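Comments concern the structure below.
The values are calculated or read from the model by the stated rules, or taken from the named source; none is laboratory data. In this text the structure is predicted, and so the values were computed from the model without any measurement. As a convention, Cβ positions derive from the backbone with ideal geometry for all residues, glycine included, and neighbour counts pool all protein chains shown.
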Amino acid sequence: MKRVDHLFTGKAKTVYTTDDPDKLILHFRNDTSAFDGEKIEKLDRKGMTNNKFNAFIMQKLEAAGVDTHFERVLSDEESVVKNLDMLPIECVVRNVAAGSICKRLGVEEGLDLDPPVFEFFLKNDPLHDPMINDYHIRAFGWATDAEMQAMQEATFKVNEVLKALFLDAGIILVDFKLEFGRYGDAILLGDEFTPDGCRLWDANTREKLDKDRFRRDMGGVVEAYEEVAHRLGVEIG
Ligand code: ADP
Ligand code: UDP
């Protein structure tokens, strides 16, 4: 399978059409962005690391019964996925308070959230991805009630599967963001699951092993992603 047309350049991935209208190629670039694209840097090996990391996680999720867009790895930095009609919504689950919830609610980073917190955000960089609720989604027609339910159920299932997977590797899954899309009548998990879109802390030291290292200029960003991959048994090549 080969790239046919360039479809879209995002902040970290480029999307191409293929000779099969039902399939796309996602190219994981080395570009790393934060603060809605205000801070951008190229980090060596990040594209390859995230491509292989994402493939590993998507396959684990499929095996656990979560329907995803993932088809196969095509090259070091590319994967083939099903062509989805993406919903403009980000689904976030939080097991531990960090990031925007701390600012919004004045809670301390590191507070355990039990039961976990689920939040919807609108995927819109110029508006800085505002938090929304089911009433906004219904009123503006961004998704149906059935689609919201499917996304929420799948996101909690992903949390259960990945919390255990990471804990076995000595890592706390603090929070993460998922995106979903329509595929015929189904709602499938799309986009990616990598340390770019979640928070991962070492279970013993609470060291940050995710994109917060980039956001906070801590250095060792890709090295941390590689450490997580190594602990999970992801083969990066
Ligand atoms: P961003 O849009 O946040 O800048 P990326 O650089 O990761 O993010 O761009 C990838 C784009 O591809 C995103 O807009 C995402 O919604 C979209 N996408 C991911 N998976 C699929 C898919 N299976 N079908 C169609 N679009 C997808
Ligand atoms: N997240 C993401 N993309 C976004 C917004 C958030 O991948 O556009 C991830 C982020 O990495 C974290 C989780 O979603 O793992 C919750 O993010 P939060 O709301 O705390 O926002 P942040 O302060 O990280 O921007």
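Of all residue pairs spaced 6 or more apart or on separate chains, those with beta-carbon atoms under 6 Å, a first member in the range 77-97 that is closer than 22 Å to F28 by Cβ and a second member that is at pLDDT below 95 are V80/M1.
Here's the yes/no breakdown for (1) within 12 Å of ligand 1 (Cβ to nearest atom); (2) surrounded by 18 or more Cβ atoms within 10 Å (Cβ to Cβ); (3) of a type in the set (K, R):
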site	(1), (2), (3)
D5	no, no, no
F8	yes, no, no
H27	yes, yes, no
G37	yes, no, no
K82	yes, yes, yes
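Each residue in the range 125-134 was checked for being surrounded by 14 or more Cβ atoms within 10 Å (Cβ to Cβ) and within 12 Å of ligand 2 (Cβ to nearest atom), and 2 of them qualify.
Of all residues in the range 18-39 being part of a strand (DSSP E or B) and free of Cβ contacts under 8 Å to residues at least 60 places away in the same chain, which is nearest to ligand 2 (Cβ to nearest atom)? Among them, the one singled out is S33.
Tell me which residues, restricted to the range 33-81, are of a type in the set (F, W, Y) and under 17 Å from L232 (Cβ atoms). The answer is F53, F56, F70. Picking from residues in the range 188-210 that are within 10 Å of ligand 1 (Cβ to nearest atom) and in a strand (DSSP E or B), the one that is surrounded by the fewest Cβ atoms within 10 Å (Cβ to Cβ) is L188.
A quick yes/no check of all residues on (1) over 18 Å from G47 (Cα atoms); (2) within 12 Å of ligand 2 (Cβ to nearest atom); (3) of a type outside the set (A, V, I, L, M):
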| position | (1), (2), (3) |
| --- | --- |
| V174 | yes, yes, no |
| E179 | yes, yes, yes |
| W201 | yes, yes, yes |
| F214 | no, yes, yes |
| M218 | yes, no, no |
| E235 | no, no, yes |
